[in-house]
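> Before I ask anything, here is the structure I am working with.
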Amino acid sequence: MVGKKSQLRIKQMSFMLLAAVLFFVLAGMFFLMFSYSNLKNKATDLNKQQALTIALRLAGSSEFGCVDQAYCIDTDKVIALKGRSAYLDFWDVSAIEVIKLENRSRECTLASYPDCELIKVIDNNDTNKIAVPLYVSLCRKALEYGNVYDKCELGQLLVYYKRI
Amino acid sequence: MIRKNLTKSKPGQEEIVGFVLIIVLVFVVGVIFLGIMLRKPVPSSNSPEIENFLEASMLTTTDCAINYAPAYDNLGDLIKSCYEDKVCASTNESSCSVLNKSFSSVLNKAFSGERYSGYNLEIAYVNNETETVKEILNISRQGNCSGVGAMKFINAYGGDLQVRLEVCYSES
């Protein structure tokens, strides 16, 4: 009689343990499903953050930036950099563009500059890319009445990153 | 007989209470977990995008040269010229009128797309010590809006020139 009762207790305990293990396995699977569903979005977000950091760094770099000014890009320097193959993999982004905020967006060449709005600095021809825009002041040297001065217009620095 | 049944049912009752407690505990933990997972980030009223716009736009060259062309003021300098009620030698207009035109043009270029529904720009001189407030410029499109915004402070004349911009985004 006592042995039967103990067997029943052991059975009860084993069922309880099985239920507990099942519960934790299910809860774990639920948690993993939630975590991994956002993995792709997180990777894209990280790329976006990286592109924004690069945009901020570019605006202050000697290749792009004006002297002693934040959020300022010297377009005379940028047009000289356009299409240089040495810079294609230098910044590890899909593309870099500088655009004036105007109604038109004519692409700049050395011949058409500064009567144009868009400078495509580098382009790695990635198909699935997204831009991170940063407002910048686009400055260049201009000549008027025989005097040279800095002419600045509002524009955007667009750093493209790859969508995953 | 009844007494014997009562003593037998006590362990059963205890097990039921324990089971209910476990269910409640699991439910509470689940609700907290779901609450954390589904919580949406609260949008900040101080926008880095607008702050970035204000910083960059201050360098924009205007048509106003106070002394001689081509020593044109940028927007930041023109705010100071407007506070001092100066006249532009290049256009024979008041600096405040040119400031209004130039800032309106810059704002329209930046915030005229479908993404935006309006903006509100206020520039004022504030001196907390003398409790002086002087409004310099107010540009508004499509009335007041309570979207995201940013402020820029320019130290001048013993106080601050405060540039405050609010931008409203379209709902869709």
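> Taking chain A as a Gaussian network, Cα atoms linked when under 10 Å apart, which of A:A111, A:A51, A:A20 shows the biggest mean-square fluctuation?
In the Gaussian network model the winner is A:A20.
> Please give, to one decimal in nm, the separation of the simple spin-label points placed at B:A71 and B:L21, each 7 Å out from Cα toward the Cβ.
Result for the modelled spin labels: 8.5 nm.
> Here is a further query. Sorting A:L138, A:L56 on the 10 Å Cβ count, fewest up front, what's the list? Can you show the working numbers first?
Numbers: A:L138 27, A:L56 17.
Least crowded to most crowded, the residues run A:L56, A:L138.
> Report, in degrees rounded to the nearest 10, the 0 to 90 angle that the Cα long axis of helix A:2-37 makes with the longest principal axis of chain A.
It is inclined by approximately 10 degrees.
> Right, here's the next one. Label points 7 Å out from Cα along the Cβ direction at B:V126 and B:F153: separation in nm?
Placing both labels 7 Å along Cα→Cβ, they lie 0.9 nm apart.
> On to the next question. In whole Hz, what ³J(HN,Hα) sequence does the stretch A:130-138 give by Karplus (6.51, -1.76, 1.60; θ = phi - 60°), x for Gly and Pro?
Couplings: 10, 9, 10, x, 9, 5, 9, 9, 9 Hz.
> Relative to the compact globular guide of 2.2 N^0.38 Å, what is the alpha carbon radius of gyration of the stretch A:34-146, as a ratio?
Output field value: 1.22.
> Sticking with this structure for a sec: Within 10 Å of each residue's Cβ, count the other Cβ atoms and sort B:V28, A:V93, A:V159 from fewest upward. Each step should come with its number before you reach the end.
Details: B:V28 10, A:V93 22, A:V159 28.
Listing B:V28, A:V93, A:V159 from fewest to most nearby Cβ atoms yields B:V28, A:V93, A:V159.
> Could you work out the relative contact order of chain A, using alpha carbon pairs under 8 angstrom and six or more residues apart, expressed as a whole percent?
Details: 247 pairs, mean separation 38.9, N = 164.
Rounded, it is 24 percent for chain A.
> Remind me, relative contact order of the stretch B:27-172 in percent, using alpha carbon pairs under 8 angstrom and six or more residues apart?
Working: 249 pairs, mean separation 32.6, N = 146.
About 22 percent, as a whole number.
> Something else: Name all residues of the stretch B:90-118 having a backbone nitrogen under 12 Å from the label point set 7 Å from the Cα of B:V133 along its Cα→Cβ direction, giving them as ranges.
Under cut-off, by backbone N: nothing.
> If you don't mind, there's one more thing I want to ask. When the helix-only estimate is applied to chain A (DSSP H runs of n ≥ 4, each -39,500 (n - 2.57), divided by the residue count), what is the mean residue ellipticity at 222 nm, nearest 500 deg cm²/dmol?
Here the helix-only value at 222 nm equals -13500 deg cm²/dmol.
> Let me ask something else. Between B:K10 and A:N38, how high is the FRET efficiency from 1/(1 + (r/R0)^6) when r is the Cβ-Cβ distance and R₀ = 45 Å? Nearest 0.05.
0.35
> Output ³J(HN,Hα) for the stretch B:22-32: one whole-Hz value per residue in order, computed from phi by the Karplus curve 6.51 cos²θ - 1.76 cosθ + 1.60 with θ = phi - 60°, and x for Gly and Pro.
5, 4, 4, 4, 5, 4, 5, 4, x, 5, 4
> Give me B:M37, B:M151 ranked fewest to most by other Cβ atoms within 10 Å of their Cβ, as a rough exposure proxy.
Working: B:M37 11, B:M151 15.
Arranged by neighbour count, lowest to highest, B:M37, B:M151 become B:M37, B:M151.
> For chain B, what is the calculated [θ] at 222 nm in deg cm²/dmol (nearest 500), taking -39500 (n - 2.57) for each run of four or more DSSP H residues and dividing by its residue count?
Working: 4 runs with 72 residues, N = 172.
Counting only the DSSP helices, I get -14000 deg cm²/dmol.
> List the aspartates and glutamates whose alpha-carbon lies under 16 Å from that of A:K48, not counting same-chain residues fewer than 8 positions away?
Counting by Cα, and skipping residues close in sequence, A:K48 has these aspartates and glutamates nearby: A:D92, A:E97, A:D126, B:E49.
> Let me ask you something else. Test of understanding: express the Cα radius of gyration of the protein assembly as shown as a ratio to 2.2 N^0.38 Å, with N the residue count. The partial results should precede the final answer.
Values: Rg = 32.1 Å, N = 336, 2.2 N^0.38 = 20.1 Å.
For the protein assembly as shown, the normalised Cα radius of gyration comes out at 1.60.
> Let me ask something additional. Explain nothing, just compute: Karplus ³J(HN,Hα) = 6.51 cos²θ - 1.76 cosθ + 1.60, θ = phi - 60°, for every residue of the stretch A:150-164 in order, whole Hz, x for Gly and Pro.
So the Karplus estimates, Gly and Pro as x, are 8, 9, 10, 10, 6, x, 9, 9, 10, 10, 8, 10, 7, 7, 9 Hz.
> Excluding same-chain residues fewer than 8 positions from A:K77, which aspartates and glutamates have a Cα within less than 12 Å of its Cα?
The qualifying aspartates and glutamates are A:E63.
> Over chain B, with a single point scatterer placed on each C-alpha, what log10 of the ratio I(q)/I(0) does the Debye formula yield at q = 0.08, 0.13, 0.17, 0.18 1/Å?
Taking Cα atoms of chain B as identical point scatterers yields -0.43, -0.75, -1.06, -1.14.
> Step through the table entries A:K120/B:K152; A:K42/A:K100; A:K42/A:K129, compare each Cα-Cα distance with 27 Å, and write down the pairs that go over it.
A:K120/B:K152; A:K42/A:K100
> According to a simple spin-label model (label point 7 Å from Cα along Cα-to-Cβ), what is the distance in nm between A:S62 and B:S105?
3.5 nm
> Would you mind checking the tilt of helix A:39-59 against the longest principal axis of the Cα atoms of chain A, expressed as 0 to 90 degrees and rounded to 10?
With rounding to tens, the tilt is 30 degrees.
Bear in mind these aren't lab numbers, they're just calculated from the coordinates by the rules spelled out. Please read these numbers as outputs of a predicted model, since none were measured by experiment. FYI the Cβ positions are ideal-geometry reconstructions off the backbone, even for glycines, and counts take in every protein chain you see.
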